[in-house]
Structures are given as C-alpha cells and as structure tokens.
C-alpha cells in the first residue's frame, strides 16, 4: 500500500471519531454548528495520525488513545479559527471555504475557538477510562506546554512581532516556527509515546522525530509557497496569501532550503532506526513523503 | 475574625502563587505582559478560594491543590479578556483600568486569553506531583466540562442569542446564567472535593453548594446593578454597562429576586450542615455574605 493510501486509512479513523465527538453534549445549537463547521472541514489530520501511530508503535491500543489523539485536531482547528480573525491574519478563506468568522460572525468564531480548545482537554480526560491516569497527566502537561504561551500561542505572538520588524534572522525564524507549528507536531509524537507508557529514551526519540519532521514540514511549506504545488499534505488554503513575511527561501534561497529540509528528514529517520513493524514503516514513509511534495 | 478578613487571607495565598506562576517559562515578553496585566489586576479570587476551601475542608493540603485552584483564575481571567473584545461586549474598562485589548491591541488580547486558557490546564497537570493522578483527571474533566461548550462558553453563546431576542423567560435566564457564571463557581467547589479524594456523596454536596451559591451570586449581582452598591465582592467593573438585558429584577422585581437569592443561600448552607471546622465555618459565612452585599 502506498504511503498516501495508508495515511488515508488513518485519517478516516480520526475523521470517524471527530464526526460524533461533539454530539449529545448539550452544546447550544449555534455554537455547535460553528465548532463543527471548522472541525469537520477536512484535512489530513496529520497531528492525530502521528499521535496514534507513535502510541500503536510503542504498544498502546489505537482505540484507547483515539480521543487524546483527536484533541490535537481540536487544538489545531481552534488555532486556525482564531488566526483567521480580522484582528489576526484577516483571512476570508480556509480550506477552500469561507473562514469561520465570515460565516458565523467574529463573536461566535472567538467562542467556537475557545470552546474547541477547552473541549480538547475534556477529550484527554476521557482517555482516563482506558489509559493509566499518570500517563494522561504527563501527556496533558506535554500538550499544554506545546500549545501554550511558550509554544504555539507564543509562536503566533512572535510571528506578529516579526511581521512588523525588519531583518528577522534565520535563528529567529527557526525559533518562531518551532513554536508556532513545530511544537504541536512534536507534542503529537511525544504524547503518543507517553500514552503508550514508553521508556524515557523512546519518548525522547518520539520528540526528536517530531521536531525534525515539524521543521522539514514548515520549510517545505515555505518552498511550496514559492514554487507552487497542488499536492499539498494538510496544507491550509489561504496561507499562501501572507506576503512580505520572512521565510526560509527568502533568507537562504530555494536550494539551501531544500537541503535543510532533507537533513531534517534524515534526522527524523535516524530516530526510528531501531523501530520495526507497520507503524514504524509508515512513519518513515511519511517523513520521506514531506520531501516528495516538492519534487 | 470577620468573613472579610478571612477571605482576604485566602485571597492573599492565591495572589502570591499567581504572581510568580508565569515567570521563567520562556513566554515571549509581549505576550507575558498582556497575560499578567489581566491576571494580576486584583479581585477577590473567589473561584480559587472556593476550590482551596473545599479541598482543605475534605482533607487535602492547601499547598498541594493550590496550582489547580489557580487554574480557575486563569480561566476566569481569559473569559473576561475575550468577553471585553470589540466583537463581544466591547468594554473599554475592566476592574477600573483599560481592558486588555485597549492596552495591547485586539490580536494580543485574543492570544493572551488563548494562552491563559491553555496554561490553566498546565497548572492542573502540575498538581500531579502531589495529588494522585486519578483525582487530577477527574477534576480536569469536571473543569473542562464547566468551562467548555456546554458550560461557560455555551452560556456566553446563549447570552448573545438572548440579547438579540425578545421575551426571554425566567427558565432561559436561569439556564444561561447557570452556564455562563454558575458552572465555573460550581466546578471550583466540586474540583476541590474531587482533589481531596472525597466520597461521591461529599462531591455531590460540594456541587450543590456551588450551584446554589453561584445562582445567589448572580441574582444579587443583577440586584446590585439596579440598586447600586460599592461593596462589590469580586464583581467586575464594567458589567453594569450592559443595558437592555433581561435580568432577575427585570423579570420578577427586586423583592422576589432577593427572596430567591435567600432561598439559594439557605440551600447552600444545608449542603454543609454536617461539615465542621474552620473551612466549613468560613464557607457558611461566605454564602451568607453574598446577601449582606445588598443590605
């Protein structure tokens, strides 16, 4: 089976859980509609898939950790809704449809994002029935750190500051992107390992795989913004429109950017050198597939 | 010692923890400033105090549950920042100072709120060192439900819908306020009991105390908006300005509103009838103090 077909199979598993996850909870109708509009708008569900695969590869049952894995999609979705707001990136379109606030209004979009972020932690707690509570608390700490003020939200704050500033350095760009998009991808891998009760060494490998894949993913995204490509892997429509931003190609050129991405993918593959089985093979192919999007 | 003095002592304990809680975490300077501006703007810290008192009354060490208790203030603060945004209530002032977005801009205010909500769950996880993980997961599920789409955020969505609608009934008003402001107060009491490892019966008592106190608190707030009073207990400045909203006095008049508040306080006191000791006494006085604000 090709990596795309196997990814599609994992994506479908996540999709199926997401679809019913907000129903029968007593959520006011208007709020539920706004939350589901963005949560169920498609996408490859890369973060939940990474969390699931690491958990399975390291011995957990996929069904047991599925709610926790889906919490990553709740958090990713909330961040897209808030990023699109007029006060932020002011994007009218997202994944080929009007963005959340264009359909439901700004106030409801703010609330839908807030609600998805909060409900994400409810999903994590839900895993307490099948996964030892110590693992949940550890993984929750990891995810809160990655999504929080020194992680994803902090990266967005830095991005705002850098957009207004001339002369952003490569190191600043790397740091900002590691927080803004890398932290959640990294946490997805690390939480999968933590939920499986893996050794500290295996958790460290998962984290480094996530860091390397996250960095490669972002560089390739920057490159694709320049060279253009329809074969996007979970790349949100609309992100192309942010002009005048410092990117890898704008700082070091296309060739050196792709070299850097290749080195990150090689690092990622090294992290999995001692892992075997179906998930390890898929994760290796997935890391490689990031580069194939450009070629 | 009077109830006000004892409340001030608990408030100081919470304040002291909040003050250092965001430092040394690698948060970008601008974001940290915006978060602390609202988090450290004063207030009675009613929710953390309730959580602490229930935990202590039922056998936990206050120090062990302090980070979890403070998570309630993070969540309360984020909700105030987002509620004040131009797209929401559009309030320029909060607690006697310019609201967050007036000082830091809308984008940063949205991010500061998002970050406080996320970091709240980090604080909860932090208690895992001192409190059994099963209790953390249970209390976290309680808090996520109370703050989420069928709780506080849902209540805010209903409030928006009702503001645009004529003929809101007493039952609708009660439901909306139970979600918007009651749910978090209720969860503070319930989580305190859950963190202490209390029996299901004691957890139920804590929840009913919180529901009754939360309902009384909101009714008295509505009454104070009409009769005016400087002796506000944790009442955010600026909330008076929401005109044309359906309130208890507008639906059933001042006298019947106060009768209702008194009945809720009596219910609250009943929940604690078998509890003894310093915290039980304080909680009873605190419930009674809600009514004293008007007289």
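The selection criterion, being more than 7 Å from every other protein chain (Cβ to nearest Cβ) and within 17 Å of the chain's Cα centre (by Cα), holds for residue B:139.
Residues being assigned to a helix (DSSP H, G or I) and surrounded by 14 or more Cβ atoms within 10 Å (Cβ to Cβ): count how many of those fall in the stretch B:267-287.
Narrowing the stretch B:267-287 to residues assigned to a helix (DSSP H, G or I): B:267-271, B:278-287.
Those still in the list that are surrounded by 14 or more Cβ atoms within 10 Å (Cβ to Cβ) too: B:267-269, B:271, B:279-287.
Residues in the stretch B:267-287 being assigned to a helix (DSSP H, G or I) and surrounded by 14 or more Cβ atoms within 10 Å (Cβ to Cβ): 13 in total.
The lone criterion from (1) facing another protein chain (nearest Cβ under 8 Å); (2) assigned to a helix (DSSP H, G or I); (3) over 26 Å from residue A:10 (Cβ atoms); (4) over 18 Å from the mean Cα position of the chain (by Cα) left unmet by residue A:125 is number (3).
The set of residues from the stretch A:90-122 being more than 8 Å from chain B (Cβ to nearest Cβ) and at positive phi comprises A:90, A:95, A:96.
For the stretch B:151-197, please list each of the helices (runs of 4 or more DSSP H) lying entirely inside it that holds at least 1 residues being farther than 25 Å from residue B:252 by Cα and within 10 Å of chain A (Cβ to nearest Cβ).
By residue number, B:152-163.
Exactly one residue out of B:48, B:98 is without any contact (Cβ under 8 Å) to a residue 40 or more places away in the chain and either within 22 Å of residue B:217 (Cα to Cα) or out of contact with any strand residue (DSSP E or B) (no Cβ under 6 Å at 6 or more places or on another chain) (or both), and it is B:98. Which one is nearest to residue B:106 (Cα to Cα), of the residues in the stretch A:86-104 that are assigned to a helix (DSSP H, G or I) and touching a helix residue (DSSP H, G or I) at 6+ places or on another chain (Cβ under 6 Å)? Looking at the filtered set, the residue picked out is A:101. If the condition is being more than 8 Å from every other protein chain (Cβ to nearest Cβ) and within 12 Å of residue B:107 (Cα to Cα), then the stretch B:73-85 contributes only B:81.
Restricted to the stretch B:128-137, and to residues there that are in contact with a helix residue (DSSP H, G or I) (Cβ under 6 Å, 6 or more places away or on another chain) and assigned to a helix (DSSP H, G or I), the residue that is modelled with the lowest pLDDT is B:128. Within the stretch B:156-179, the only residue that satisfies the criterion of being surrounded by fewer than 22 Cβ atoms within 10 Å (Cβ to Cβ) and within 15 Å of the chain's Cα centre (by Cα) is B:178. Close Cβ contacts (under 9 Å, 6 or more residues apart or on different chains) running from residues in the stretch B:183-205 that are at positive phi and at pLDDT 95 or above to residues that are surrounded by fewer than 22 Cβ atoms within 10 Å (Cβ to Cβ) and not in a helix (DSSP H, G or I) comprise B:197/B:59; B:197/B:132.
The values are calculated or read from the model by the stated rules, or taken from the named source; none is laboratory data. All of these numbers come straight from a predicted model, not from anything done at the bench. Note that each Cβ is placed from the backbone with ideal geometry, even for glycine, and that neighbours are counted across all protein chains shown.
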